[in-house]
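Derivation of every value follows stated rules applied to the coordinates shown; laboratory data play no part. Keep in mind that this is a model prediction, so the values were computed, not measured. Positions of Cβ are backbone-derived with ideal geometry, glycine not excepted, and every protein chain shown enters the neighbour counts.
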Amino acid sequence: MAKPKKNPTFTSPKGTFRYPALTKPDYGNEQFPKTNGEFKTQLVLSRDEAQSLIDQLQPLYKEALAMGEEKYKELKVEQRKKLGGFKANDLFSEIYDQQTEEPTGDVFFKFATSASGVNQKGEQWNRKIALFDAKGKPLNSSTAIWGGTVGKVSFEAAPYFISGTGAGGLKLYLIAAQVIDLVSGGGRNAGAYGFGEEDGFEEEETPAKAAGFTDETDGNEEEDDF
């Protein structure tokens, strides 16, 4: 008996994490619960930065859509009439300016995987996402990774088809992530606001700051995520 075809794995270009849940699973909400939990992140890239990844995934995406269309044809006539046709889910999404409604030139990919489940033997399993710092060393699992963090993701690409909606596409299963520029606890560096290094005023380090004390909060207050 031939072994099932193994899904290919990829590493993304460096991009910005948006709505990440990498150290603790996302369980959704009352209206849309995620019983098994989900590790996830969106990765924001400029269209130019994303092109190499798009080129790699495009052949697999086309195969996934062809498979989905075949699966759709296998549905009962009554269901196909109700659904009204096969729906191709996008490989990635454009980001639009909320004021002008024009494309910003950036796109995002969605990466996700279940945090737990039950195997064919009825045994419970749990998953953790492998996390690494910029030097490739394992990252402490207690590190809070917020939106705006810059990094890369390792993922598996697999076709899918949902008979209930008639939709299909290419699923990007999150495997691991590398954090290159961490945003944690609400703090953001100057670059996150578009500021670079300039000649001029430079704050001197005071004894209090050298000892690690500041007049800032501990970052626990509510802040909008990326």
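Condition check ((1) among the charged types (D, E, K, R); (2) surrounded by fewer than 16 Cβ atoms within 10 Å (Cβ to Cβ)) across all residues:
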position: Lys34; (1), (2): yes, no
position: Glu38; (1), (2): yes, no
position: Val44; (1), (2): no, no
position: Gln56; (1), (2): no, yes
position: Leu60; (1), (2): no, no
position: Glu63; (1), (2): yes, yes
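Considering Ile95, Ile145, which residue is assigned to a strand (DSSP E or B), more than 20 Å from Ala66 (Cα to Cα) and within 16 Å of the chain's Cα centre (by Cα)?
The match here is Ile95.
Taking Gln31, is it in a loop (DSSP other than H, G, I, E, B) and not aliphatic (A, V, I, L, M)? Taking the combined requirement at face value, the residue satisfies it.
Among the residues making up segment 132-151, those that are surrounded by fewer than 19 Cβ atoms within 10 Å (Cβ to Cβ), in contact (Cβ under 8 Å) with a residue 40 or more places away in the chain and either among the hydroxyl-bearing types (Ser, Thr, Tyr) or out of contact with any Asp or Glu (no Cβ under 8 Å at 6 or more places or on another chain) (or both) are Phe132, Asp133, Gly136, Ser141, Ser142, Thr143, Ala144. The listed residues are Gly117, Gly164, Gly136, and the only one of them that is in a loop (DSSP other than H, G, I, E, B) and within 20 Å of Gly28 (Cβ to Cβ) turns out to be Gly164.
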